[in-house]
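Okay, so here's the structure we're looking at.
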Amino acid sequence: MGRMDMNRKKTSRALKIILILAISAVIFLNCPVVHAQPSIPLPRLEIETAQSPEDVIDSLEILGILTILALAPSILIMMTAFTRIIIVLAFVRNALGTQQIPPNQVLIGLALFLTFFVMSPVASQINQQAIQPYLDGKIEQDDAIDRAMTPIREFMLKQTRNKDLLLFFELSGQDQVETPEEIPTHILIPAFITSELKTAFQIGFLIYIPFIIIDMVVASTLMSMGMMMLPPVMISLPIKILLFILVDGWDLVIKNLVSGFR
């Protein structure tokens with residue numbers, strides 16, 4: 001009898017719990033749903049048709065500016081002094097054998113600011129000859145582009161070898177021109193990049209020579225002393241860093257890089 005009473009009590013408790021849950025569900029479903037009002041209003045974008053040809057021209061100018069901004073990294077790398085500078089700085093780090101010191105961010109930042117320093121005369125010429133007259137409405141867009149390309153072409157022509165120009169003339173199948181102004185831009189740019197790569201590797205080879213000599217001297221000294229188990233890098237690395245500091249290596253490298261463009 002006691003067990004039957006216990007079972008009845010458990011059953012009644014279960015029924016009460018089920019009844020309470022059912023009533024709560026009905027009340028919840030009958031409640032109106034309240035949506036929270038967004039705290040930040042969303043902007044509405046409306047596309048309007050052009051009322052005059054000037055509106056279409058303004059839209060095309062904005063599109064052209066966005067296209068130039070998208071191509072800005074390629075222009076910075078391929079048509080300025082950045083390529084030579086970053087390659088030489090990477091050669092310096094590898095010749096020292098310091099692995100990731102200085103870090104890549106430091107080398108890229110230094111290369112960018114050195115590029116701005118080297119290209120500042122070209123940028124000032126572009127501003128005076130093309131940007132300011134175009135903003136003042138004195139010249140058209142096509143004329144502004146031609147005037148802006150003139151200082152850049154002059155800079156690239158000074159750093160480009162004739163051999164590289166002849167190579168790309170042969171690859172393109174075009175006849176050679178008589179004056180530098182007649183060289184097409186699509187031939188000048190790859191010739192300039194090729195010349196910059198050659199110059200950067202030549203400078204890197206000259207940077208490597210003293211550090212290789214230090215490695216050879218340290219390695220032969222350790223072998224003559226019978227220290228076969230001692231890595232030569234452990235001895236040569238501090239010596240190379242000390243030599244680089246004594247000769248003021250960073251100033252020498254940066255001075256030669258900048259003066260090479262003047």
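Computed values, structure above
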{"read-out": "Cβ-Cβ under 8 Å pairs, at least 6 apart or on other chains, segment 228-239 side open to solvent by less than 70 Å² (accessible area, probe 1.4 Å), far side among the hydroxyl-bearing types (S, T, Y)", "value": "L237/T98"}
{"read-out": "Count - residues of segment 181-195 that are surrounded by 13 or more Cβ atoms within 10 Å (Cβ to Cβ) and over 21 Å from F82 (Cβ atoms)", "value": "1"}
{"read-out": "Any hit, segment 212-219, residues being assigned to a helix (DSSP H, G or I), touching a Lys or Arg at 6+ places or on another chain (Cβ under 7 Å) and more than 13 Å from V92 (Cβ to Cβ)", "value": "yes"}
{"read-out": "Cβ-Cβ under 9 Å pairs, at least 6 apart or on other chains, segment 182-204 side among the hydroxyl-bearing types (S, T, Y), far side open to solvent by 40 Å² or more (accessible area, probe 1.4 Å)", "value": "T185/M149; T194/R161; T194/L167; T194/F168; S195/R161; S195/K163; T199/R161"}
{"read-out": "Filter result (within 13 Å of the chain's Cα centre (by Cα), in contact (Cβ under 8 Å) with a residue 24 or more places away in the chain and either surrounded by fewer than 16 Cβ atoms within 10 Å (Cβ to Cβ) or outside any helix (DSSP H, G or I) (or both)) within segment 81-117", "value": "L112"}
{"read-out": "Verdict on K198 being in a helix (DSSP H, G or I), open to solvent by 90 Å² or more (accessible area, probe 1.4 Å) and modelled with pLDDT of 85 or more", "value": "no"}
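The values are calculated or read from the model by the stated rules, or taken from the named source; none is laboratory data. All of these numbers come straight from a predicted model, not from anything done at the bench. Glycine gets a Cβ as well: all are built from the backbone with ideal geometry, and neighbour counts include every protein chain shown. What goes into the accessible areas is simple: the full protein's heavy atoms, side chains included, and nothing from ligands, DNA or RNA. Shrake-Rupley method; radii C 1.70, N 1.55, O 1.52, S 1.80 Å.
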